[in-house]
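**Student:** Okay, handing you the structure first.
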Amino acid sequence: MGLVDTHFHLDLHKNAIEISELIEKSRIYTIAVTNTPSVFEYTDKLCKNKKFIRSALGLHPELISKRKHELPLFKQLIKKTKYIGEIGLDFSNSNENERKVQSVVFKQIIYWCSSEKNKILSVHSRKAEKEVIDNIGNSFQGKVILHYYSGPLKQLERAIDAGFYFSINHSMTKTKNGRSIISRMPIDKLLTETDAPFVSFGNNSIEQLKETIKNISQIINLDPKNTEEQIFVNFKRVLTSH
């Protein structure tokens, strides 16, 4: 058994090499997401020969308007990892034209990932939950993790019906809306994340993950040890093929 961090921005830490060594030493199973394809190979090098860290290929929705020219590079790199993230849609501040560009790029990425059939996705869906679920659909040939889900309960139910997983960070467990959403998530679909450095909790991922697990346990009325075990079992299931 071990702690699980399915959404961690390793490349955004100034001391990324030291952080990667600390994660390895701490035996935290970590998916190191990226925000653009151009930083994937740097992150992949940081994860080389590591047992507990895996690099993910991403194109963050909020960067798509400026980085859409990297989409061919995304396609070129997609076979180098089965982990894809951070990808998705973000309609919180975007205008109509930007939303259209995001949607085109996201659909293309989902198409490529569906063709590969073994991808594990970490997906951003802020203010675009319906559109994200519509685009992925109910028969995606891989695993889908909705990162930091904060949307309507109606769309949460759709995601549950589609078999998606949900990664929960410390911030989610501290808000009324977050706790309400977590309480409605199936226990066998729960995962943990830090979203570091965007969710700040010092420099200690272990403490943050332990605190997150404790808070989840209180929300779902389960012993923290059993919660941690369940999350690890869920993570192992994510790693297995269909």
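The values are calculated or read from the model by the stated rules, or taken from the named source; none is laboratory data. Every value quoted in this text rests on a predicted model; they were computed, and no experiment measured them. Backbone-built Cβ (ideal geometry, glycine too); neighbour counts: all protein chains shown. Just the protein is used for accessible areas: all its heavy atoms, side chains included, with ligands, DNA and RNA removed. Shrake-Rupley method; radii C 1.70, N 1.55, O 1.52, S 1.80 Å.
**Student:** Near the amide H of VAL144, under 5 Å away, which other amide H atoms are found, from residues 5 or more places off or on another chain, if H is placed in the peptide plane?
**Tutor:** The answer is LEU121, TYR165.
**Student:** Please work out the FRET efficiency for the pair LYS214 and ILE17, using the Cβ-Cβ distance as r and a Förster radius of 25 Å; give the result to the nearest 0.05.
**Tutor:** Between LYS214 and ILE17 the formula returns 0.25.
**Student:** Helix hunt in the chain: which complete DSSP H runs extend at least 27 Å axially by C-alpha with mean Kyte-Doolittle at least -1.0?
**Tutor:** The qualifying helices are 96-116.
**Student:** Once amide H atoms are built 1.01 Å from N in the peptide plane, which residues 5 or more positions from ILE53, or in another chain, come under 5 Å H to H?
**Tutor:** THR30
**Student:** Another question, if that's okay. Taking only Cα atoms of segment 1-45, what ratio of Rg to Rh do you get with Rh as the Kirkwood inverse-distance radius?
**Tutor:** So for segment 1-45, dividing Rg by the Kirkwood Rh gives 0.96.
**Student:** Quantify, in whole percent, the carbon and sulfur part of the accessible surface of segment 60-148 (1.4 Å probe; protein heavy atoms only).
**Tutor:** 46
**Student:** May I ask for the equivalent-ellipsoid semi-axes of segment 33-117, computed as the square root of five times each C-alpha gyration tensor eigenvalue and listed largest first in whole Å?
**Tutor:** Semi-axes, largest first: 24, 13, 10 Å.
**Student:** Based on the alpha carbons, how large is the Rg to Rh ratio for the chain when Rh follows Kirkwood?
**Tutor:** Over the Cα atoms of the chain, Rg/Rh equals 0.93.
**Student:** From a point 7 Å beyond the Cα of SER180 in the direction of its Cβ, which residues of segment 131-152 have a backbone N at a distance under 13 Å?
**Tutor:** 150-152, by backbone N distance to the label point.
**Student:** Between GLU229 and VAL199, take the C-beta separation as r, use R0 = 22 Å, and let me know the FRET efficiency to the nearest 0.05.
**Tutor:** According to the calculation, E is roughly 0.40.
**Student:** OK, next. What is the chain's relative contact order, in percent, from Cα pairs under 8 angstrom and six or more apart in sequence?
**Tutor:** Once normalised by length, the contact order is 19 percent.
**Student:** Still on this structure, I have one more. Bin all alpha-carbon pair distances of segment 168-242 at 5 Å intervals from 0 and give each bin's fraction as a whole percent.
**Tutor:** Per 5 Å bin, starting at zero, the Cα-Cα P(r) for segment 168-242 comes out as 3, 17, 27, 25, 18, 8, 2, 0 percent.
**Student:** I've got another one for you. Just in segment 139-232: which trypsin sites (Lys or Arg not before Pro) are loop by DSSP and have at most 14 other Cβ atoms within 10 Å?
**Tutor:** ARG184
**Student:** When the chain is fully extended, how far beyond the present Cα-Cα distance does LYS236 get from ASN221, taking 0.36 nm per residue of separation?
**Tutor:** Going from the current span to full extension adds 3.1 nm.
**Student:** Rolling a 1.4 angstrom probe over the protein heavy atoms, how many square angstrom per residue are accessible across the chain?
**Tutor:** In whole numbers, the chain has 47 Å² accessible per residue.
**Student:** Relative contact order (percent) for segment 101-178, with alpha-carbon contacts under 8 angstrom and 6 or more residues of separation?
**Tutor:** 29
**Student:** Which number comes out as Rg/Rh for segment 111-212 once both Rg and the Kirkwood Rh are worked out on C-alpha atoms?
**Tutor:** Result for segment 111-212 is an Rg/Rh of 0.98.
**Student:** Determine the alpha carbon to alpha carbon distance for each of LYS68/LYS143; LYS79/LYS174; LYS119/LYS176; LYS66/LYS210 and list only those over 29 Å.
**Tutor:** In this structure, LYS79/LYS174; LYS119/LYS176; LYS66/LYS210 exceed 29 Å between Cα atoms.
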